[in-house]
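Below is one structure; the comments refer to it alone.
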Amino acid sequence: MVYDDVEVADRSDLRDLQNERLRETVRRVYDNVPFYRERFDGAGVDPADVETVEDLPQLPFTTKEDLRETYPDGLFAVEDDEIRRIHASSGTTGKPKVVCYTDGDLDVWREVMARSLAAAGVEPGDTLQNAYGYGLFTGGLGFHDGGEELGATVIPTGGGNTQRQIEFAQDLESDVLGCTPSYCLYFAETAEQQGIDPRELPLETVVIGAEPFTDEMREEIEAALDVDAIDIYGLSELIGPGVSVECVEAKDGLHVWEDHFYPEVVDPDTGEQVPPGEEGELVLTSLTKEGIPMIRYRTGDVTTLYEEPCECGRTHRRMDNVTGRADDLLVVRGVNVYPSQVEEAVLSFDEVAPHYRIDLDREDSLDTIEITVELAEGTDADPDEVRERLENVLSLTPDGLHVVDPGGIERTEVGKVKRVYDHRE
Ligand code: DLL
């Protein structure tokens with residue numbers, strides 16, 4: 001269901017809207033945020049030079065470090081009394097990234113989330129069980145407000161308390177579950193342990209995001225719960241969930257809501273834009289944010305942009321499913337490996353559960369990597385044989401490859417799953 005006509009707008013009208021909004025944003029940040037004024041001056045760019053989105057490459061990037069260095073509010077562009085809400089996302093190191101929302105920003109967020117849920121196949125009157133965490137994390141309130149805006153019935157379960165969640169899904173007949181992909185699997189697994197067939201639950205759709213996952217992982221989820229699993233992407237720095245989403249019609253790439261967020265994909269090393277269809281780092285510019293506008297924000301997320309029209313009729317460009325971040329790359333004794341490659345290999349085995357962990361360490365100044373996988377419930381496979389076969393499909397030879405019993409890898413009930421443990425520091 002198309003929620004707003006702008007989703008199917010003519011590309012040239014959309015472009016005009018983007019240009020107009022970009023000019024306003026650039027002017028506003030130059031006037032209101034000393035950080036941006038200094039950056040633009042330093043790069044020799046006058047706001048008047050930026051007339052269209054084609055002029056974006058003249059502007060400097062904004063990074064996660066910039067947010068941390070200007071903690072807590074150095075990038076805010078409005079007076080305190082205009083700020084209606086604050087969210088924050090904590091990284092693994094340093095200060096959290098604090099973001100703010102004006103009334104207008106909250107309206108935009110509700111709108112893009114309602115659009116996203118509609119694209120995912122959620123309809124007014126559906127019951128949306130929201131298992132994203134409430135609080136500083138943007139997942140909970142983002143889904144909550146968007147669900148209500150669309151006209152769904154929202155059950156604000158938040159993360160955790162999984163037995164209760166399953167009971168609610170059954171008794172309140174939830175049509176849709178919003179949660180991370182890893183939690184989705186945990187949910188299905190817990191249902192089974194309670195003697196409930198997860199495929200028999202009323203759920204028809206799960207809207208998954210906040211963590212990278214591979215196509216193989218999505219297939220596992222769809223099979224475990226007998227649902228459509230729809231990918232939703234976003235980040236606190238730009239708004240939260242609702243920057244882009246797959247449409248249920250095609251499930252082939254995520255439509256970026258380009259009337260609010262302008263996407264570029266750049267070579268992470270040179271910072272140069274790469275042509276459509278080529279992989280690189282996603283860079284986003286907010287076109288309507290008031291509280292904390294973002295100019296050319298380096299997301300760190302690796303993706304590809306596609307310009308081909310989509311069968312659903314939406315004209316907003318699509319980005320690839322994000323399976324990892326540019327800085328996820330693990331270099332172990334000169335061999336490059338992405339966690340998503342390990343995930344693909346692990347999930348190509350029916351005898352292995354969709355859970356794994358990677359441990360990095362250093363011995364005598366040499367890096368080591370150990371991979372732990374888990375046998376699937378009910379399999380009678382021989383762990384030694386699984387280990388041997390797995391070794392053959394991995395792109396590197398780990399120093400340890402452990403095959404543990406079902407349930408042997410710790411699950412994440414609340415928050416984002418952690419799969420890579422780096423003990424080298
Ligand atoms: O994770 C917002 C969100 C909530 C998105 C719920 C989707 C659903 P942050 O906590 O700021 O915000 O983390 C943002 O999470 O830069 C990506 O690295 C990762 N991420 C988010 N969505 C996806 C996705 C929320 N669909 C960071 N696929 C982003 C892969 C994702 N990675």
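D228: over 30 Å from E290 (Cα atoms) and within 14 Å of the ligand (Cβ to nearest atom), yes or no? In short, no.
Name the single residue, out of those in the stretch 276-326 being open to solvent by 50 Å² or more (accessible area, probe 1.4 Å) and in contact with a Leu (Cβ under 9 Å, 6 or more places away or on another chain), that is nearest to the ligand (Cβ to nearest atom).
As a first pass, look at the stretch 276-326 and keep what is open to solvent by 50 Å² or more (accessible area, probe 1.4 Å): 276, 278-279, 290, 306-309, 311, 320, 323, 325.
If we keep only those that are in contact with a Leu (Cβ under 9 Å, 6 or more places away or on another chain) as well, we get 276, 278, 320.
Numbers: P276: 20, E278: 19, D320: 10 Å.
Across the stretch 276-326, the extreme among qualifying residues is D320.
Restricting attention to the stretch 198-220, report how many residues are in a helix (DSSP H, G or I), within 13 Å of the ligand (Cβ to nearest atom) and under 16 Å from V248 (Cα atoms). The number of residues fulfilling the criteria is 2.
Looking at V414, V393, V373, which one is more than 21 Å from the chain's Cα centre (by Cα), in contact (Cβ under 8 Å) with a residue 12 or more places away in the chain, open to solvent by 60 Å² or more (accessible area, probe 1.4 Å) and under 28 Å from G300 (Cβ atoms)?
Working: V414 fails: more than 21 Å from the chain's Cα centre (by Cα); V373 fails: open to solvent by 60 Å² or more (accessible area, probe 1.4 Å).
Unique residue meeting the criteria: V393.
Of all the criteria given as (1) part of a loop (DSSP other than H, G, I, E, B); (2) open to solvent by 10 Å² or more (accessible area, probe 1.4 Å), the one not satisfied by G158 is (2). Considering G240, G234, G209, the condition of being of a type in the set (G, A, S), open to solvent by 10 Å² or more (accessible area, probe 1.4 Å) and under 25 Å from G91 (Cα atoms) is satisfied by G234 alone.
Taking the residues in the stretch 244-262 that are part of a strand (DSSP E or B) and more than 11 Å from M319 (Cα to Cα) as candidates, determine which candidate is farthest from the ligand (Cβ to nearest atom).
So the first thing to find is which residues in the stretch 244-262 are part of a strand (DSSP E or B), and the list is 244-246, 254-256, 261-262.
Next cut, more than 11 Å from M319 (Cα to Cα) only: 261-262.
Numbers: F261: 13, Y262: 16 Å.
The extreme case among them is Y262.
Taken together, the residues in the stretch 109-138 that are free of Cβ contacts under 8 Å to residues at least 40 places away in the same chain, under 21 Å from Y262 (Cα atoms) and either away from the ligand (no atom under 15 Å from the Cβ) or not assigned by TED's automatic domain parsing to the domain that holds E211 (or both) amount to 0.
Would you mind stating whether G178 is surrounded by fewer than 21 Cβ atoms within 10 Å (Cβ to Cβ) and out of contact with any Pro (no Cβ under 6 Å at 6 or more places or on another chain)?
Numbers: surrounded by fewer than 21 Cβ atoms within 10 Å (Cβ to Cβ): no; out of contact with any Pro (no Cβ under 6 Å at 6 or more places or on another chain): yes.
No.
The residue of the stretch 161-197 that is nearest to the ligand (Cβ to nearest atom), among those that are part of a loop (DSSP other than H, G, I, E, B) and within 26 Å of P124 (Cβ to Cβ), is T180.
State whether one or more residues within the stretch 48-55 are farther than 30 Å from L150 by Cβ, open to solvent by less than 40 Å² (accessible area, probe 1.4 Å) and of a type in the set (A, V, I, L, M). Yes, the stretch 48-55 contains at least one residue that is farther than 30 Å from L150 by Cβ, open to solvent by less than 40 Å² (accessible area, probe 1.4 Å) and of a type in the set (A, V, I, L, M).
Filtering the stretch 75-94 to residues that are in contact (Cβ under 8 Å) with a residue 40 or more places away in the chain and either within 22 Å of E24 (Cα to Cα) or not assigned by TED's automatic domain parsing to the domain that holds D105 (or both) leaves L75, F76, A77, V78, E82, I83.
In summary, helices (runs of 4 or more DSSP H) completely within the stretch 1-97 and bearing 1 or more residues that are modelled with pLDDT under 95 occur at 64-69. Across the stretch 65-88, the number of residues qualifying as among the small types (G, A, S) and in contact with a helix residue (DSSP H, G or I) (Cβ under 7 Å, 6 or more places away or on another chain) comes to 2. Restrict the check to the stretch 130-144 and report whether at least one residue is open to solvent by 30 Å² or more (accessible area, probe 1.4 Å), farther than 30 Å from T288 by Cβ, assigned to a helix (DSSP H, G or I) and modelled with pLDDT of 95 or more. No, the conditions are met nowhere in the stretch 130-144.
The values are calculated or read from the model by the stated rules, or taken from the named source; none is laboratory data. Bear in mind that the values here come from a model prediction, so they are computed numbers and not experimental data. Neighbour counts run over all protein chains shown; Cβ positions are idealised from the backbone, glycine included. When the accessible area is computed, the model is the full protein with side chains, heavy atoms only, and any ligands, DNA or RNA have been set aside. Shrake-Rupley method; radii C 1.70, N 1.55, O 1.52, S 1.80 Å.
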